[in-house]
Amino acid sequence: MARNIDGTEISRVMRAEMAQQVAELLAQGIIPGLSVVLVGNNPASQAYVASKTRACEALGMRGQTLNLPEEVSQEELFSVIDRLNQDPAVHGILVQLPLPAHLPYKAVLEHIDPDKDVDGFHPRNAGLAFVGDPRAFIPCTPAGILEMLRRENISTRGRHVVIVGRSLIVSKPLASLLMAPGPDATVTLTHRHTPDLASFTRQADILIVAVGKQNLITRDMVKPGVVVIDVGQNRVEDPGSARGFRMVGDVDFDGVSQVAEAITPVPGGVGPMTITMLLANTLQAARQSAQARK
Ligand code: GUN
């Protein structure tokens with residue numbers, strides 16, 4: 001049976017380390033602050049955003065949510081972002097995705113001050129990360145996955161990492177980070193138009209799945225001893241649970257656990273790590289802004 005990679009426990013350790021760093025900034029009169037912009041009432045987004053700001057406050061940082069109506073215009077959204085860009089008490093800005101269809105998300109992400117872009121989605125940060133510049137904010141989910149592998153002593157050097165998915169949020173930055181000097185992995189990127197997906201996933205020493213499709217990866221699609229990182233967050237109806245649903249990943253956990261060496265559960269795997277790295281990026285932004293003002 002596979003070992004569980006416990007993202008909740010790794011996050012607990014990391015957040016305790018960060019609380020110390022927050023205390024040092026507080027002693028200098030700096031309260032690291034994150035502002036999250038949420039457009040509309042998508043229940044999953046509301047839940048994610050609430051856990052992000054709660055995590056900030058638990059560390060002694062300031063976490064603020066600005067909830068805008070679904071019909072907000074691009075101009076109104078831009079003026080909210082302008083205000084946050086100019087506010088010295090706001091170190092990190094995150095616009096929760098997905099946005100309603102009438103809002104061009106790329107233009108919205110470009111409107112965020114790159115020095116406050118704790119998501120790392122602004123083209124300047126994406127470019128800096130691509131060329132390996134340490135000033136880049138690294139997107140939180142890829143950063144969390146790398147940190148999780150590092151803390152679990154799972155080496156990527158020379159190993160074949162197969163990524164399923166090609167998103168801007170996870171897969172593209174992850175591929176570029178993993179192939180860089182240091183991680184030194186051999187990376188294969190696959191996606192929904194890849195024919196015979198299983199012929200690729202079976203080659204993986206480390207398989208990372210970020211698609212959003214329940215049971216996409218089954219036991220017959222992996223080789224024995226694989227390490228599996230499941231980024232999927234899918235709601236499935238569960239009349240027996242208090243909320244009426246439960247969360248599952250993209251991987252058939254029970255089946256794949258029988259052959260894998262290690263696997264991240266959903267929930268309690270990648271999810272908490274993503275929020276932990278958001279806290280880390282907000283701390284980095286607060287520190288950089290303090291240095292810039294010296
Ligand atoms: N929606 C799902 N994941 C993310 C994320 O990491 N950042 C933002 N802004 N939106 C998301």
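Summary of computed values
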| quantity | calculated |
| --- | --- |
| Degrees between helix 7-27 axis and first principal axis of the chain (Cα, 0 to 90, nearest 10) | 20 |
| Cα gyration tensor shape for segment 74-161, rounded if a/c is under 1.5, else prolate or oblate | prolate |
| Zone of Asn215's modelled label, taken as backbone nitrogen in segment 173-207 under 11 Å from a point 7 Å along Cα→Cβ | none |
| Top of Leu38, Leu278, Leu99 by mean-square fluctuation, Gaussian network on the chain, Cα under 10 Å | Leu99 |
| Mean ellipticity per residue at 222 nm, deg cm²/dmol - from DSSP H runs of n ≥ 4 across the chain, formula -39500 (n - 2.57) | -12500 deg cm²/dmol |
| Inter-label distance for Gln291 and Gln86, nm, one decimal - labels placed 7 Å from Cα along Cα-to-Cβ | 2.8 |
| Linear extension gain, Arg235 paired with Asn67, 0.36 nm per residue minus alpha-carbon span | 58.2 nm |
| Residues Ala16 and Asp113, FRET efficiency given R0 of 35 Å [Cβ-Cβ distance, rounded to 0.05] | 0.70 |
| Label-point separation, Phe78 to Ala27 (7 Å along Cα→Cβ), nm | 4.4 |
| Tensor-based shape of segment 142-294 (alpha-carbon gyration tensor, a/c under 1.5 rounded, otherwise prolate or oblate) | oblate |
| Derived scalar couplings ³J(HN,Hα) [segment 104-110; Karplus, 6.51 cos²θ - 1.76 cosθ + 1.60; whole Hz; x for Gly, Pro] | x, 4, 5, 5, 5, 5, 6 |
| 0 to 90° range, to nearest 10: angle between helix 43-58 axis and the chain longest Cα axis | 70 |
| Helix axis angle, 74-86 relative to the chain longest principal axis, alpha carbon, degrees | 70 |
| Among Gly127, Gly212, Gly244: highest mean-square fluctuation, GNM of the chain, C-alpha pairs under 10 Å | Gly244 |
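Read the figures in this text as sums done on the coordinates, not as results from a lab. Here the structure is a predicted model, which is why all the values come from computation and not from measurement. Cβ: placed from backbone, ideal geometry, glycine included. Neighbour counts: every protein chain shown.
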